[in-house]
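Peer 1: One structure, pasted below without further comment.
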Amino acid sequence: MKLNIKFNRILCLLAIGAGMASCDDYLDKQPMSYIVPEDYYKQESQIEACANKFYTDFLPSHGGQYGTFQSNGHTDDQAWKGADNKYAVGVWKVGLDNSNYSWSSIRELNYQLNTILSKYEKHEIAGNDVKIRQYIGEIYFFRALKYFSMLQAMGDLPVVKQVLPDNEAVLVAASKRMPRNEVARFILEDLDNAISMMTEYANQNFDARHTRVSADVAQLVKSRVALFEGSWLTNFKGTPFVPNGEGWPGKKKDYNANYKFQTGSIEKEASYFFEVAAKAAETVADKYKNELSQNTGEIPQSAKDPVNPYFKMFGNTDMSGYKEVLLWREYSNSLGIKNAVETATQRNNYGCGPTRSLVESFVMADGKPIYAKHDGYVYSDQTIHDVRMNRDPRLVIFLKEPGQVNCFLNMDNSEGNMFWEEEPKPYLTDGADDKYYTTGYALRKGGCFDKAMAGNHSGWTASITYRATEALLNYIEAEYMLTKDINAGKILEYWKIIREKAGFKGAAIDPMTTINATEMDKEVLDWGAYTAGKLLEDRILFNIRRERRCELMAEGLRWFDLIRWRSLDQMITKRYHVEGIHLWNTPMAGWYNFTEKDYNGSADAGVSAPSLSEYLRPYQKNMQDGNLFKDGYTWRMAHYLQPMPIKQMMLTASDHASVDLSPLYQNPYWPTVADLPAEK
């Protein structure tokens, strides 16, 4: 091990000396691919080209199968055919390397930003000054976005803003990890720079289609970053996961040993972030609160049916007509830039199925949870049709039901050959990715009913990157965390707007209808009902979390929310079973000709046994010892953050071998030896 590490390090140093930049083991070396002729970075178009590259690198897209709508997979919202190893014991291990601790993108961003700013300050860039500032602002934004991604994965980080010289001592010193809240402050600083640079561009309406990052986008992300850090500091207070918490590993390093919060305490630091989040979110929310799309609660079943603006927004090919969509990515049939989103909504979401927990979190049409007393009806999950009856209008339009029409546009198209004209009864035992329903449930969020889009990766559904409704949700939570008063600020105003646009009517628009009927001991399937291993007592806070979950379903923010809420501890002591439809002792069991061999727990079993649960449990079909999840999900505290790579720690150690002599330190409960699992 020691010899290999030394050898790699020597190669790195030789590469630096030779003017190359292929090694990623030190921070911020100038990449050879960006050493350009002196006449570059002198035209507006060249600055635009630099910014354009980062759109592809850093923004989510409809890659994969169900596109961005599969991003909540491996949570309590959506389940893949196979479970994630982070919910098993001893499978996640420390590695020599960790791609989430790669600094190549930061080096590239720093090089571009520093070079361009130097040219700009010397007035050496020709072109429209407003546009040049816009592109510089975009690069600030993307650096913030990349740092935020690393913060969520790794916690404490080095803060590096400049291109560093090829000097070992300087590079090692730059490896020092700053407390996570200081990293978050740096991210906010970058976003403020982005906002100031991009504001005039927006005012002159250069990007009416919303396909470029804007000041509004940066404000929304600013609220997201601040909400994340304020939540983390609050919910992990006193643990090794926050600065000065008991056992915080940063305390062992002299450069962090005497760290003090800028605001004086962790409580005040959290409040600072919540204040920033609320203010930034309010800026966006007030601008767009009257522009949100309306859900009619109706799902089109023919070309003659009225359009549901809210439903159509997610499956459109051109998002420019939706003011609440602050940024989107365009796909093109003519250019061959395509995706498989429509095929996924036509069929089975490619096996990324919504869970029972998600489906049951949606309230009824009267605004009350499913277990409450309702006038004129009761909740039933005997069939998927029953599940959709009298429910939250968002669930009504997005949850697929057998017998619904899936496809009615461009039916004479010959290319779309992966459509199902009518939604079938869920395929529960067919292993094909484009048929198998992991949970028995499937969504049509992102769908458009168009056969021409339903070929093998031949659709061009646009991808929503950011939408303004999140700003209202961010404000509601941040303001409530500051005040613990639902009547504070604009909490109720924004909440009622969201409910009304979601399609609720009458008393159901008032969130107090839901809050007053909530019984926390009946919300145990929802991970968001927990913090630090305990069921929330605050029904208002829980319902703020519930509203986020339902409004942002399948939009990629569930894991972001769960980790900042510290909503996984409870699985350390009590295992969790992912469940789907109510299969057994319901009419749905009669849809199939199951015999005991189909649910005998063998490796070839098609469904889970009724003796385990009346609900389909995708990870308990196979009850053999080789199935890591046959007893359910569990959790380790260490898994809230990823482990630091051992190679990086050894390279920065003064003797190039002992990790204890490195300025870096390992994340809580992860060992400092490669190939070992979490300690706790």
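Peer 1: Arrange the peptides 350-358, 391-399 so that the one whose residues have, on average, the most other Cβ atoms within 10 Å appears first.
Peer 2: Descending mean neighbour count gives 350-358, 391-399.
Peer 1: Another one. Put +1 on the Cβ of each Lys and Arg and -1 on the Cβ of each Asp and Glu in the chain; which of MET644, TYR615, VAL341 then has its Cα farthest toward the positive end of the dipole?
Peer 2: MET644
Peer 1: Using +1 at the Cβ of each Lys and Arg and -1 at the Cβ of each Asp and Glu in region 94-136, identify which of ASN110, ILE136, GLY95 lies farthest towards the dipole's positive end.
Peer 2: Towards the positive end, the residue furthest out is ILE136.
Peer 1: With an 8 Å Cα cut-off and a minimum separation of 6 or more residues, compute the relative contact order for region 231-316 in percent.
Peer 2: Relative contact order comes out at 16 percent.
Peer 1: Could you check the spin-label model distance between GLU168 and SER332? Points 7 Å from the Cα along Cα→Cβ, value in nm.
Peer 2: For GLU168 paired with SER332, the spin-label model returns 5.0 nm.
Peer 1: Can you list residues whose amide H is under 5 Å from THR531's amide H, if they're 5+ apart or on another chain and H is modeled 1.01 Å from N?
Peer 2: Counting only residues 5 or more places away or on other chains, the set is LEU536.
Peer 1: Please count, across region 101-238, the pairs of lysine residues with Cα atoms under 17 Å apart that sit 8 or more places apart or on different chains.
Peer 2: Total qualifying Lys-Lys pairs in region 101-238 comes to 6.
Peer 1: Follow-up. For region 224-372, evaluate the Debye formula with one uniform point scatterer on each Cα (no solvent term) and list log10 I(q)/I(0) at q = 0.16, 0.20, 0.21 Å⁻¹, rounded to two decimals.
Peer 2: -1.11, -1.27, -1.31
Peer 1: Skipping prolines and chain starts, which residues have an amide H placed within reach, meaning under 5 Å, of the one on THR438, given they are 5 or more residues away or on another chain?
Peer 2: GLY351, GLY353
Peer 1: Let me ask something else. Sort 301-309, 663-671, 44-52 for me by packing, meaning the mean count of neighbouring Cβ atoms within 10 Å per residue, highest on top.
Peer 2: The densest-packed peptide leads the list: 663-671, 44-52, 301-309.
Peer 1: Dipole of region 192-257 (Lys/Arg Cβ +1, Asp/Glu Cβ -1, origin at the Cα centre): which of MET197, LEU233, VAL217 lies farthest to the positive side?
Peer 2: Highest projection toward the positive end goes to LEU233.
Peer 1: Something else now. Quote the charge dipole size of the chain about the Cα centre in Debye, to the nearest 20; the model charges only the Cβ of Lys and Arg (+1) and of Asp and Glu (-1).
Peer 2: 880
Peer 1: Now for a different question. With an 8 Å Cα cut-off and a minimum separation of 6 or more residues, compute the relative contact order for region 352-470 in percent.
Peer 2: 27
Peer 1: Where does the charge balance sit around MET389 when Lys and Arg score +1, Asp and Glu -1, over other residues with C-beta under 13 Å from its C-beta?
Peer 2: Charge balance near MET389 sits at -3.
Peer 1: Right, another one. For TYR55, what charge total do you get from the other residues with a beta carbon under 12 Å from its beta carbon, if Lys and Arg give +1 and Asp and Glu give -1?
Peer 2: That works out to -1.
Peer 1: Residues of the chain: accessible area per residue at 1.4 Å, in Å²?
Peer 2: On a per-residue basis, the chain sits at 38 Å².
Peer 1: What value, in deg cm²/dmol to 500, does the helix sum -39500 (n - 2.57) over DSSP H runs of n ≥ 4 give at 222 nm once divided by the residues of the chain?
Peer 2: Mean residue ellipticity at 222 nm (helix-derived): -11000 deg cm²/dmol.
Peer 1: Ignoring ligands, DNA and RNA, what percent of the 1.4 Å accessible area of the chain is carbon and sulfur?
Peer 2: It is 48 percent, rounded to a whole number.
Peer 1: Could I ask something else about it? What is the dipole size for region 58-198, taken about its Cα centre, with +1 at each Lys and Arg Cβ and -1 at each Asp and Glu Cβ, in debye to the nearest 20?
Peer 2: 100
Peer 1: Could you give the size of the charge dipole of region 286-328 about its Cα centre, using +1 on the Cβ of each K and R and -1 on the Cβ of each D and E, expressed in debye and rounded to the nearest 20?
Peer 2: Result for region 286-328 is approximately 40 debye, rounded to the nearest 20.
Peer 1: Taking 0.36 nm per residue of separation and subtracting the Cα-Cα distance, what length does fully extending ASP207 through ASN390 add?
Peer 2: Going from the current span to full extension adds 61.8 nm.
Peer 1: Ordered by packing density, taken as the mean number of other Cβ atoms within 10 Å over each peptide's residues, highest first, how do 429-440, 374-385 rank?
Peer 2: Going from most to least packed, we get 429-440, 374-385.
Peer 1: On to the next question. Find the relative contact order for the chain and round it to a whole percent, using C-alpha pairs within less than 8 Å whose residues are 6+ positions apart.
Peer 2: 19
Peer 1: Now for a separate question. Determine the gain in length on full extension of the stretch VAL91-TYR377; use 0.36 nm per residue of separation and subtract their C-alpha separation, reporting nm with one decimal.
Peer 2: That pair, VAL91 and TYR377, stretches by 98.3 nm at full extension.
Peer 1: For GLU121 and SER61 in one chain, what is 0.36 nm times their gap in residues minus the Cα-Cα distance, to one decimal in nm?
Peer 2: Going from the current span to full extension adds 18.2 nm.
Peer 1: Here is a follow-up. Any chance you could list the semi-axes, whole Å, largest first, of the equivalent ellipsoid that the Cα gyration tensor gives for region 137-231, using √(5λ)?
Peer 2: 28, 17, 9
Peer 1: In region 509-531, whose amide N lies under 17 Å from the spot 7 Å out along Cα-to-Cβ of GLU537? List them in ranges.
Peer 2: The answer is 519-522, 529-531, whose backbone nitrogens lie closer than 17 Å to the label point.
The values are calculated or read from the model by the stated rules, or taken from the named source; none is laboratory data. In this text, all values refer to a predicted model and were calculated from it rather than measured experimentally. All Cβ positions, glycine included, derive from the backbone under ideal geometry; neighbour counts span all protein chains shown. To get the accessible areas, we keep the full protein, side chains included, count just its heavy atoms, and leave off ligands, DNA and RNA. Shrake-Rupley method; radii C 1.70, N 1.55, O 1.52, S 1.80 Å.
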